[in-house]
Amino acid sequence: MSKKPQRAPLEYSKSFRLRAWIFGVLLFLYAPLLILIAFSFNDSKRNIVWKGFTFKWYVKVFENDALREALFNSLIIAVLCTIFSVILGALAAFVLWRFKFPMKGLLESGLNLPIVVPEICMGVGVLMFFNKIHWPNDLPWPISLSQIIIAHITFSFPFVAVVVRARLESFNKELEAAALDLGASQWRAFTDVIVPHMTPGLIAGALLAFTLSLDDFVITFFASGPGTITFPIKVYSMVRFSVTPEVNAASTIIIVLTLIATAVAMKFQDTSPNKENA
Amino acid sequence: MPDNSTVNKKSSVVKDETIIKIENLTKRFGKVAAVDDINLEIKRGEFFALLGPSGCGKTTLLRMIAGFEVPTEGKIFLDGVDVSNIPPNKRPVNTVFQSYAVFPHLSVFDNVAYGLQFDNVSKSEQRERVMAALEDVKLEHLAERKPDQMSGGQRQRVALARALVKRPKVLLLDEPLSALDAKLREAMRFELTELQDRVGVTFIMVTHDQDEALAMACRCAVMDRGRLMQLATPSTLYEFPANKFVADFIGSVNMFEGKLILDEPDKAIVEVEELGGKVFFDHGVLGAEGGQIFVGIRPEKIELIKRTKDMKKPQMEDSPEDCNVFAGVIDNISYLGSESIYEITLENGRRMQVSRPNLSRWDQEDFTFNDEVWLGFHGDSPVLLQN
């Protein structure tokens, strides 16, 4: 018998088996990413054997005009999609939270449709829609990205709406009443009290919209005109020949960018009022 | 009957002028009348309480005074001006909300200063007034704190300062003490009355807690199902309840249905079947004829007398023979420290409560379980009630 004190029933973190299990799960989740990042520094044309450390694939990525253009396109699309999605999503969430009106339930579930509809269906739908309305295909850059941006907004803003709506549920309506009571107009009460409460939801929603847009392949594939190419599509076309460390390097850049964005967002959330007053 | 119109001693700032006049005020939600044809006047400088069980309409009435609800019928006059349809941000009335509603993203100072930006007050005057308000609630040392670093009691003070800094004509308090723990609640009772005395603003408080209302208010309006049941000073509410509801809601009471058999200007007798005897009143109860009548008697106004076998029924000195004395057995005792409450079963099985202060530290055992006792009360103790 061991002399260690008995573990209390709820002290799960002290259980060795549970720790091993958690480690296993994390390994399963992150091993592919770690391998991808590691091999972006591998001095070999193949992703099989470690030959030595190098930065040359990163240099190659920046010398590859097509890849760089694709990455740039993706970032522009993601940023614009995020801005519009946050505005539309926040407004939708606010209206659904604040007002009662006929057919509200229908609108609410309709809003969630883009979340549940398979992307491939959305993609085909988007393609047919743009064909039907004869959306011009030969617009100059960056307006040529508009089709993709519009398509991305349609599937990202419901995510923002869901997140912001959930955040608003915890809003203490007496706070708004207090602002009015102290002399604020309806608009000032909204900007001074409700918006600060929504902020963590807006940031989380923005982050969601950004990442959804950045890595979307299926819908983008259908929505993009002949001349436009985004990062996921470019990577896909490169992989069709062979997975070179160049792809690894490009992916690592994207991972680092998203990590930075997430860290910044979390920092913001920390300083914003997510602790409720009683 | 004591004079209801005199405002009691608690507040030295009460003036004999009306600050709020409520006329035939009704608020309906659908078909339900939350507030039903209420008329009342509140005096300048008064600490006024709206008291009643949950759902009695007291909060709706408060929200109408604040401007968050628009009356269905009737009018509210504030200092002579009809404010019934003025929105809350244009009324010289401020509220301390039940949850305090302190803005979580602003510091204490900014919370208190928030309302002043809409008042055309210069920056330097704003600063002065905010600091003065914080001093009033003894929070001047915490001006830079964020609300999430404060206790519930401190947040309440922020809410008070934030409302008072606007110099409202009336301050509304929605269940101000309900979220505090017991000790703090008692301390805050004194502090709130003191603060009210110092700033001289009319306070209107909503509460479901009768102790709170009795302890703090100059006058209370007791409400039930949207209607005003009685408007009086705390002691009048307790000793001279206007009806069965008020007697039952304020404090505890032994209540029995009865039949008036004698009603003269200076005395009355009610036959109470449930007690198996008669109750004598040493004052007239004229005007009580017709309809159901009830006799109410407070537990602390009943005396206990030891009863032995073959003992003759005693007589209360101010009451006729065979009135106001009943036989019973002590069934249960709740010891509450300062007093004990005795549950007594009468001969006919009906139960009554009697309370006695525990005056001595030593002789607490003078009455115990299963003791046979007489219950007696004087002719000025019972109160005649109607629905």
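More than 18 Å from the chain's Cα centre (by Cα), within 13 Å of another protein chain (Cβ to nearest Cβ), outside any loop (DSSP other than H, G, I, E, B) and not β-branched (Val, Ile, Thr): is that true of B:Leu160 in this structure?
Numbers: more than 18 Å from the chain's Cα centre (by Cα): yes; within 13 Å of another protein chain (Cβ to nearest Cβ): yes; outside any loop (DSSP other than H, G, I, E, B): yes; not β-branched (Val, Ile, Thr): yes.
So B:Leu160 fits the description; yes.
State whether the residues of the range B:133-156 include one that is under 20 Å from A:Gly183 (Cβ atoms), within 14 Å of chain A (Cβ to nearest Cβ), without any contact (Cβ under 8 Å) to a residue 60 or more places away in the chain and in contact with a strand residue (DSSP E or B) (Cβ under 9 Å, 6 or more places away or on another chain).
There is no residue in the range B:133-156 that is under 20 Å from A:Gly183 (Cβ atoms), within 14 Å of chain A (Cβ to nearest Cβ), without any contact (Cβ under 8 Å) to a residue 60 or more places away in the chain and in contact with a strand residue (DSSP E or B) (Cβ under 9 Å, 6 or more places away or on another chain).
Can you list the helices (runs of 4 or more DSSP H) lying wholly within the range A:159-278 that have 3 or more residues being within 14 Å of chain B (Cβ to nearest Cβ)? Step through it out loud before you land on a result.
Details: elements: A:173-181, A:186-189, A:195-214, A:218-223, A:231-239, A:245-271.
Per the criteria, A:173-181, A:186-189, A:195-214, A:245-271.
Pick out the one residue from B:Ala213, B:Ala217, B:Ala182 that is out of contact with any Leu (no Cβ under 7 Å at 6 or more places or on another chain), more than 14 Å from chain A (Cβ to nearest Cβ) and surrounded by 20 or more Cβ atoms within 10 Å (Cβ to Cβ). Step through it out loud before you land on a result.
Numbers: B:Ala213 fails: out of contact with any Leu (no Cβ under 7 Å at 6 or more places or on another chain); B:Ala182 fails: surrounded by 20 or more Cβ atoms within 10 Å (Cβ to Cβ).
Within the list B:Ala213, B:Ala217, B:Ala182, the selection yields B:Ala217.
Can you tell me which condition B:Pro87 does not meet? The list is (1) more than 9 Å from chain A (Cβ to nearest Cβ); (2) over 26 Å from B:Asp148 (Cβ atoms), and all the others hold.
(1)
Do you know which residues across the range B:25-82 are aliphatic (A, V, I, L, M), part of a loop (DSSP other than H, G, I, E, B) and free of Cβ contacts under 8 Å to residues at least 12 places away in the same chain?
Residues satisfying the conditions do not exist here.
Taking the options B:Thr26, B:Thr72, B:Thr59, name whichever one is assigned by TED's automatic domain parsing to the domain that holds B:Val206 and closer than 22 Å to B:Pro176 by Cβ.
Numbers: B:Thr26 fails: closer than 22 Å to B:Pro176 by Cβ; B:Thr72 fails: closer than 22 Å to B:Pro176 by Cβ.
So the residue among B:Thr26, B:Thr72, B:Thr59 that is assigned by TED's automatic domain parsing to the domain that holds B:Val206 and closer than 22 Å to B:Pro176 by Cβ is B:Thr59.
Quick check on my filter: what residues within the range B:294-324 are β-branched (Val, Ile, Thr) and buried (at least 20 other Cβ atoms within 10 Å of the Cβ)? Steps first, please.
Restricting attention to the range B:294-324, the residues satisfying the condition of being β-branched (Val, Ile, Thr) are B:295, B:297, B:302, B:305, B:308.
Once the filter is applied, which keeps residues that are β-branched (Val, Ile, Thr) and buried (at least 20 other Cβ atoms within 10 Å of the Cβ), the range B:294-324 yields B:Val295, B:Ile297, B:Ile302.
Of the residues that make up the range B:283-298, is at least one polar (S, T, N, Q), over 27 Å from B:Tyr342 (Cβ atoms) and part of a helix (DSSP H, G or I)? Before the answer, list the steps.
Step one: of the range B:283-298, the residues polar (S, T, N, Q) are B:292.
Adding the requirement that they be over 27 Å from B:Tyr342 (Cβ atoms) leaves B:292.
Filter once more, so that each one left must be part of a helix (DSSP H, G or I): none.
No: zero hits.
All but one of (1) modelled with pLDDT of 85 or more; (2) over 22 Å from A:Ile83 (Cβ atoms) hold for A:Phe241; which doesn't?
Among (1) modelled with pLDDT of 85 or more; (2) over 22 Å from A:Ile83 (Cβ atoms), the lone unmet condition for A:Phe241 is (1).
Tell me, which strands (runs of 3 or more DSSP E) wholly within the range B:301-387 include 1 or more residues that are in contact with a Phe, Trp or Tyr (Cβ under 9 Å, 6 or more places away or on another chain) and more than 24 Å from B:His283 (Cα to Cα)? Spell out how you get there, then give the answer.
Working: elements: B:303-306, B:325-335, B:339-346, B:351-357, B:372-376, B:383-385.
Ranges flagged: B:303-306, B:325-335, B:339-346, B:351-357, B:372-376.
Just to be sure before I move on: is B:Ser124 assigned to a loop (DSSP other than H, G, I, E, B), small (Gly, Ala, Ser) and at pLDDT below 95 in the structure I sent? It would help to see each step written out before you state the result.
Numbers: assigned to a loop (DSSP other than H, G, I, E, B): no; small (Gly, Ala, Ser): yes; at pLDDT below 95: yes.
So B:Ser124 fails the test.
Give the residues of the range B:50-77 that are touching a helix residue (DSSP H, G or I) at 6+ places or on another chain (Cβ under 8 Å), more than 14 Å from chain A (Cβ to nearest Cβ) and buried (at least 16 other Cβ atoms within 10 Å of the Cβ), sorted by residue number.
Within the range B:50-77, B:Leu50, B:Leu51, B:Gly52, B:Pro71, B:Ile76 qualify.
Can you tell me which residue within the range A:33-64, out of those that are in a loop (DSSP other than H, G, I, E, B) and of a type in the set (Gly, Ala, Ser), is farthest from A:Val239 (Cα to Cα)? I'd like the intermediate steps shown before the answer.
Taking the range A:33-64 as the starting set, the residues that turn out to be in a loop (DSSP other than H, G, I, E, B) are A:40-41, A:43-52, A:54-55, A:64.
Of the ones still in play, those that are also of a type in the set (Gly, Ala, Ser) are A:40, A:44, A:52.
Working: A:Ser40: 14, A:Ser44: 16, A:Gly52: 23 Å.
Among those residues, the one meeting the criterion is A:Gly52.
Just to be sure before I move on: is B:Asn370 crowded, with 16+ Cβ neighbours inside 10 Å, at positive phi and not hydroxyl-bearing (Ser, Thr, Tyr) in the structure I sent? Walk me through it before giving the result.
Numbers: crowded, with 16+ Cβ neighbours inside 10 Å: no; at positive phi: yes; not hydroxyl-bearing (Ser, Thr, Tyr): yes.
Considered against the rule, which asks whether it is crowded, with 16+ Cβ neighbours inside 10 Å, at positive phi and not hydroxyl-bearing (Ser, Thr, Tyr), B:Asn370 comes out as no.
The values are calculated or read from the model by the stated rules, or taken from the named source; none is laboratory data. Just so it is clear, the structure is predicted and the values come from calculations on it, not from any experiment. As a convention, Cβ positions derive from the backbone with ideal geometry for all residues, glycine included, and neighbour counts pool all protein chains shown.
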